[in-house]
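Reading through the structure tokens given below for one structure.
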Amino acid sequence: MSIRERMAAATKRRYMEREFPIVGNVRIQSLTAREMQLVRSRFQAADGTPVKAELDRIRQYLVAATLVDENGATVYALDDVANGKLDELDGGLLDAMTDAIKQHTGWGAEAGWSAVVDAAKN
């Protein structure tokens, strides 16, 4: 099998089930490169400058993008985050879920991603 064929196999969605305090068992999906770009685009204005208010919600965006029901449908839309619908989630739960999501999806760009670094300086 060629590398191209092996890479094509990497387009299948992966799922992980995990139990968390308060909410119990949940299902988390992997993200495609396009979906990661879509989430990251929420953190930048049209001119490319960071949007600090949205960067502050990075954990909520990750939950919204990855939390799915038993049929694989996302439970929240990214617009739910922008509209503040996940702002009142328990902070400990949000941190635990974010850690699991980052591990499952390979998300880790926020530490070195220039938009995050630039926003942190402000």
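The values are calculated or read from the model by the stated rules, or taken from the named source; none is laboratory data. Keep in mind the model is a prediction, meaning the values are calculated, not measured. Don't worry about glycine lacking a Cβ; one is built from the backbone with ideal geometry, like all the others, and counts go over all protein chains shown.
Some notes on this structure:
- Tally, over segment 4-34, of residues that are small (Gly, Ala, Ser), loosely packed, with under 12 Cβ neighbours inside 10 Å and in contact with a Ser or Thr (Cβ under 6 Å, 6 or more places away or on another chain): 0
- Filter result (within 11 Å of Val68 (Cβ to Cβ) and not in a strand (DSSP E or B)) within segment 1-17: Arg13
- Single match in Leu38, Leu86 (criterion: in a loop (DSSP other than H, G, I, E, B) and aliphatic (A, V, I, L, M)): Leu86
- Annotation: of all residues in segment 60-71 being touching a residue at least 24 places away in the same chain (Cβ under 8 Å) and under 15 Å from the mean Cα position of the chain (by Cα), the one that is surrounded by the most Cβ atoms within 10 Å (Cβ to Cβ) is Thr66.
- Within segment 85-109, residues that are farther than 16 Å from Gln29 by Cα sit with their Cβ atoms under 7 Å from residues that are hydrophobic (A, V, I, L, M, F, W, C) and outside any helix (DSSP H, G or I), at 6+ positions apart or across chains, in these pairs: Asp90/Ile22; Leu93/Phe20; Leu93/Ile22; Leu93/Val23.
- Test result for Leu55, under 22 Å from Gly108 (Cα atoms), at pLDDT below 95, surrounded by 15 or more Cβ atoms within 10 Å (Cβ to Cβ) and within 13 Å of the chain's Cα centre (by Cα): yes
Residues are listed down the side, and each one gets a yes or a no for (1) in contact with a helix residue (DSSP H, G or I) (Cβ under 9 Å, 6 or more places away or on another chain); (2) free of Cβ contacts under 8 Å to residues at least 12 places away in the same chain; (3) over 29 Å from Glu88 (Cβ atoms); (4) among the hydroxyl-bearing types (Ser, Thr, Tyr):
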site: Thr11; (1), (2), (3), (4): no, no, yes, yes
site: Asn25; (1), (2), (3), (4): no, yes, no, no
site: Ile28; (1), (2), (3), (4): yes, no, no, no
site: Ala33; (1), (2), (3), (4): no, yes, yes, no
site: Met36; (1), (2), (3), (4): yes, no, no, no
site: Pro50; (1), (2), (3), (4): yes, no, no, no
site: Glu54; (1), (2), (3), (4): yes, no, no, no
site: Ile58; (1), (2), (3), (4): yes, no, no, no
